[in-house]
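Notes to accompany the following structure.
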Amino acid sequence: MKRIQDAEHQYNEEDQRRLDHQKPNKKPGARKDVTDRTARAGSKQAAVLVQLSEPNGATIAAIMKATGWQQHSVRGFLAGVARKKLKLKLNSDGVDGTRVYRIVGADSAKPIGRQSKRLAA
């Protein structure tokens, strides 16, 4: 019986040491507030947004060449970052068998503040 108690005591100490060295769980509200959702100057994201804001727009091939990204990464950027995160309105037109993407409206390129998903009390 003494061995079992010693084993349980040792297990608890080892368990506690392991837990002490783990990173603490982050609270959902502990995230840094992002008020400006524009890209950093000189980044690949900024380069793509400049291409998309031009009147002629940009093709996936042109964005791939400018950034070095693969085709699926460009499509993911357009859907995930440009449309969802930055809330930009993208227009997609088929021109001579190729798809051209451009940002719609002049005020679409303005930075968008973070909007809370919580309802007011």
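A few comments on the model shown:
- Cross-link pairs LYS65/LYS85; LYS65/LYS89; LYS44/LYS84 - those with Cα-Cα distance over 20 Å: LYS65/LYS85; LYS65/LYS89
- Between ARG18 and THR98, the simple label model (points 7 Å from Cα in the Cβ direction) yields a spacing of 5.6 nm.
- Relative contact order (%) - criterion: Cα under 8 Å, at least six apart; region: the range 37-106: 33 percent
The numbers here are math on the coordinates, done by the rules we state, and not lab data. The structure displayed is predicted, hence computed values, not measured ones. As a convention, Cβ positions derive from the backbone with ideal geometry for all residues, glycine included, and neighbour counts pool all protein chains shown.
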